[in-house]
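Trainee: Structure provided below as structure tokens; questions to follow.
The values are calculated or read from the model by the stated rules, or taken from the named source; none is laboratory data. Since we're looking at a predicted model, the values are computed, not measured. Just the protein is used for accessible areas: all its heavy atoms, side chains included, with ligands, DNA and RNA removed. Shrake-Rupley method; radii C 1.70, N 1.55, O 1.52, S 1.80 Å.
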Amino acid sequence: MTELPSETARQKALDRVDRSERGRYKFVIALSAVELIFIWGFAQLADFTNRVHVLMFWSLLSIDGLIVVGVGLLWAHVSQSTRLVLKAIDLSTRRVPVETARAPGPLGLDPDR
């Protein structure tokens, strides 16, 4: 059975969305690794007997934590919205079997009886 052009186009679009999401996921992992290396380097170079270094370290961790939480929430919201749109498109393009409506007879019985 041959597929409709709209079905193949929809499948290609879904495949592109999946590839780009995997690419973004890999980018976030790499960016997180670089950020952890920077934090590790700061911890190695800091003199924790100096209160200014301690204050800078804690502010770095708290600001990074807030940014990570914010970006994570934003990513979850965009992913959920994208899933909802794709589901709506899928439901709108899905073929539904058509049934003809049969009105009951004057006594409320099926017309076949």
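Trainee: Can you pull the accessible area of GLU21 for me, 1.4 Å probe, Å² to the nearest 10?
Mentor: 80
Trainee: Apply the Kirkwood formula to the stretch 1-89: the hydrodynamic radius equals the inverse of the mean of 1/r over all pairs of different alpha-carbon atoms; give it in Å with one decimal.
Mentor: Values: mean 1/r = 0.0604 Å⁻¹.
Here the Kirkwood hydrodynamic radius works out to 16.6 Å.
Trainee: Taking θ as phi - 60°, what are the ³J(HN,Hα) couplings along the stretch 16-26 by the Karplus curve (6.51, -1.76, 1.60), each to the nearest whole Hz, with x for Gly and Pro?
Mentor: 5, 4, 4, 5, 5, 5, 5, x, 5, 4, 4
Trainee: Apply the Karplus parameterisation 6.51 cos²θ - 1.76 cosθ + 1.60, with θ equal to phi minus 60°, to every residue of the stretch 78-88 and state each ³J(HN,Hα) to the nearest whole Hz, in sequence, with x for glycine and proline.
Mentor: 5, 5, 5, 5, 5, 4, 5, 5, 5, 5, 5
Trainee: Explain nothing, just compute: Karplus ³J(HN,Hα) = 6.51 cos²θ - 1.76 cosθ + 1.60, θ = phi - 60°, for every residue of the stretch 47-60 in order, whole Hz, x for Gly and Pro.
Mentor: With the stated coefficients, the stretch 47-60 comes to 9, 6, 7, 8, 5, 5, 5, 5, 4, 5, 5, 5, 5, 4 Hz.
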